[in-house]
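Here is the structure we will look at.
The values are calculated or read from the model by the stated rules, or taken from the named source; none is laboratory data. Nothing here was measured: the structure is a model prediction, and the numbers come from that model. Neighbour counts are summed over all protein chains in view; Cβ atoms, including those assigned to glycine, are modelled from backbone coordinates with ideal geometry. Note: accessible area is taken over every heavy atom of the protein model, side chains too, but ligands, DNA and RNA are not part of it. Shrake-Rupley method; radii C 1.70, N 1.55, O 1.52, S 1.80 Å.
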Amino acid sequence: MKTTQIKTLVWMLFLSILLPLSCKKPIPKNLSQESIIPLPANIKLPENVIPEPANISKDEQVYSGFELLKDCKVLFDGNQNELERIATPFFNQIRKTTKFPIPFENLNANKLEGNIYIGISPTVKEEEGYNLEIKNDRIILLAKNPSGIFYGMQTLMQLLPDEIESQSAIIQDPIIVACGIIDDYPRYAYRGAMLDVSRHFLPSEDVKTYIDQIAKYKINYLHLHLSDDQGWRIEIKSWPKLTEIGGSTEVGGGKGGYFTQEQYKDIVNYAKDHFITIVPEIDMPGHTNAALASYAELNCDNKATKLYTGIDVGFSSLCVKKDITYKFIDDVIRELSEITPGPYIHIGGDESHSTPHDDYITFIDKIAPIVKKYNKKMIGWEEVATANIDQNTICQYWKSDSIANIASKKNAQIIYSNAKHCYLDMKYDTKTPLGLHWAGYIDVKTSYDWDPNTISPEIPEQSIAGIEAPIWTETIKNLKDLDFLAFPRIISIAEIGWTPKEKRNWEGYKKRLGDQYNRLKARNINFYKSEEIPWKIQDNKINK
Ligand code: TNX
């Protein structure tokens with residue numbers, strides 16, 4: 001063959017590969033089909049988005065939108081230091097999986113084209129809200145406050161390919177972000193998770209991992225259940241035996257453990273970086289055996305109880321009549337307030353079955369001013385509504401509609417943690433190896449398909465501070481167990497707390513959750529692969 005003939009042949013071969021590709025007309029990626037959780041309050045599509053023809057296979061289609069290219073920069077103006085601090089962990093992860101340098105620069109000397117702009121702006125009205133505008137040639141993220149920037153970044157991460165969450169994969173395909181405007185803000189100001197570190201102690205690394213995970217779904221409070229019959233988990237310098245003795249065991253007789261005040265402060269700071277406020281709970285007057293075993297004088301008969309490693313409730317009580325009890329509580333709340341920058345102290349108050357009811361009321365009425373004295377707002381489990389609480393108290397509804405109604409009649413705010421839907425320690429079904437089932441079996445649909453408004457129609461929306469998903473750790477020994485019961489149900493609760501009621505529905509949610517399979521995997525979460533969810537399994541892509 002002559003060289004010209006060879007050349008023609010090579011060209012033909014080249015074109016036969018290239019032509020079919022180039023013939024594809026890119027269709028604009030549709031922002032409303034992205035699987036964002038929690039679903040944003042408002043998504044506006046650009047006019048050129050047309051419904052995709054049904055006969056096109058997703059893998060073969062070419063999309064258009066904002067393309068993240070390797071020369072992309074992130075631009076800030078004003079508040080640059082703080083905004084950079086918030087954006088850094090997100091962009092470090094993007095740099096890792098794209099190998100793009102993505103420098104941070106000041107807006108002044110730069111054009112917006114091709115870049116991402118992040119800024120604080122009074123045009124966004126909601127406290128925790130943000131506005132994320134994606135155009136073909138730029139992304140603009142605005143918020144009223146830094147928290148909104150954090151939430152907007154969480155949303156943007158979910159608009160990037162799943163591999164963006166990977167610790168090892170490098171993204172090879174073009175990164176196209178769907179165009180449109182997300183104008184988003186939460187339904188409730190309080191969107192919480194509760195972790196019981198008392199029944200089984202979990203070290204701070206595990207608490208931090210949980211913080212990482214819940215922050216992705218815009219949860220903004222972590223309530224730590226720091227004391228119970230089985231263990232006292234926070235150092236109180238003026239009462240050192242609480243942790244020396246009371247922290248020395250746990251359910252099943254393991255070695256227990258506790259947080260030093262330094263470790264606690266470290267958790268508080270870590271949470272703060274994730275826009276999460278820690279709410280510490282000292283449960284009393286019941287659920288106090290660990291304290292009663294540590295100090296004889298806290299018992300009415302001056303005899304220290306034995307440490308307890310079982311899972312019964314309702315058998316212990318502080319001695320309501322003694323002055324030393326209130327000296328003790330004052331010291332505990334003072335020390336805890338000093339290391340807790342957040343506004344709340346949770347005083348428990350649940351299941352005080354061995355405290356006579358009149359004593360219980362006397363007790364709660366005496367605790368409330370102590371919490372106030374240290375400039376904190378009191379949260380208590382629903383039972384505190386039977387005492388003389390004022391409108392500054394927040395009651396956490398867990399079981400009884402009628403008590404929650406009493407609380408709202410007293411103008412107290414309510415946090416919904418109704419056990420039948422929110423208790424992450426309930427089994428999914430009869431086969432679940434971990435968990436309890438006193439409140440019933442809670443599959444993913446049950447955790448999602450309800451609303452605070454319909455559970456207690458008598459409680460007006462303005463009485464609702466928010467929603468919280470507790471996880472009690474009688475059967476949970478480590479992070480793996482915790483993951484298994486918490487995920488994916490904690491994600492349901494996060495969406496109920498954030499998304500407007502009328503935007504939510506189970507069919508849409510279950511698809512979006514299924515689409516997050518790769519992300520949950522990439523984050524190494526030992527989540528429950530419920531058969532109710534159409535999981536989009538692509539293990540190979542993420543584990544490269
Ligand atoms: C009830 S809910 C409790 C906890 C248990 C939990 C187990 C509440 C305020 N008290 O002491 O750990 O059930 O699901």
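At-a-glance table
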quantity	calculated
For the range 389-443: relative contact order, % (alpha-carbon pairs under 8 angstrom, 6 or more apart)	28 percent
Calculated diffusion of the range 247-344, Stokes-Einstein form, Kirkwood radius summed over Cα pairs, 25 °C and 0.890 mPa s, µm²/s	163 µm²/s
Sequence-separation-based contact order of the range 355-501, relative, with Cα cut under 8 Å and 6+ spacing, percent	19 percent
Cα gyration tensor shape for the range 192-256, rounded if a/c is under 1.5, else prolate or oblate	prolate
Heavy-atom accessible area per residue - the range 251-327, 1.4 Å, Å²	44 Å²
Dipole of the chain, positive end: most advanced residue of ALA465, TRP239, PHE104 [Cβ charges, Cα centre]	PHE104
When each of LYS480/LYS521; LYS377/LYS399; LYS445/LYS511; LYS241/LYS373 is checked by Cα-Cα distance, pairs over 18 Å	LYS377/LYS399; LYS241/LYS373
Mean shadow area of the range 105-235 over all directions, Cα convex hull, nm²	11.3 nm²
Distance cut-off 14 Å, percentage of C-alpha pairs in the range 291-362 lying past it	67 percent
Whole-percent carbon and sulfur share, accessible surface of the range 234-276, 1.4 Å	49 percent
By average C-beta atoms within 10 angstrom, highest first, the peptides 263-269, 115-121	115-121, 263-269
DSSP-defined antiparallel bridges as percent of all bridges, the range 274-402, nearest 5	0 percent
Anisotropy class of the range 329-426 from Cα gyration tensor, a/c 1.5 cut	prolate
log10 of Debye I(q)/I(0), alpha-carbon scatterers only, for the chain at 0.07, 0.11, 0.12, 0.13 Å⁻¹	-0.45, -0.99, -1.14, -1.30
Cα gyration tensor category, rounded, prolate or oblate, for the range 72-123 with a/c compared to 1.5	oblate
Cα pair distances of the range 419-523 binned at 10 Å [whole percent]	14, 44, 33, 8, 0
For the chain: relative contact order, % (alpha-carbon pairs under 8 angstrom, 6 or more apart)	14 percent
DSSP beta bridges in the chain [antiparallel fraction, %, rounded to 5]	30 percent
Principal semi-axes in Å for the range 81-156 [√(5λ), Cα gyration tensor, largest first]	20, 15, 12
Cα-based radius of gyration of the range 360-473 once divided by 2.2 N^0.38 Å, which approximates compact folds	1.15
Net length gained if the chain between LYS237 and GLU105 were fully extended (0.36 nm per residue, minus Cα distance)	42.9 nm
Degrees between helix 323-338 axis and first principal axis of the chain (Cα, 0 to 90, nearest 10)	20 degrees
Under 5 Å, built H, 5+ apart or other chain: amide partners of ASP196	HIS225, ILE471, THR473
Charge tally in the Cβ shell below 12 Å around ARG191, where Lys, Arg are +1 and Asp, Glu are -1, ARG191 excluded	-1
Segments 78-86, 234-242 sorted - mean Cβ within 10 Å per residue, highest first	234-242, 78-86
Most to least packed among 505-516, 338-349, 454-465 [average Cβ atoms within 10 Å]	338-349, 505-516, 454-465
Extension gain, SER400 back to GLU205 (0.36 nm per residue minus Cα-Cα distance, nm)	66.7 nm
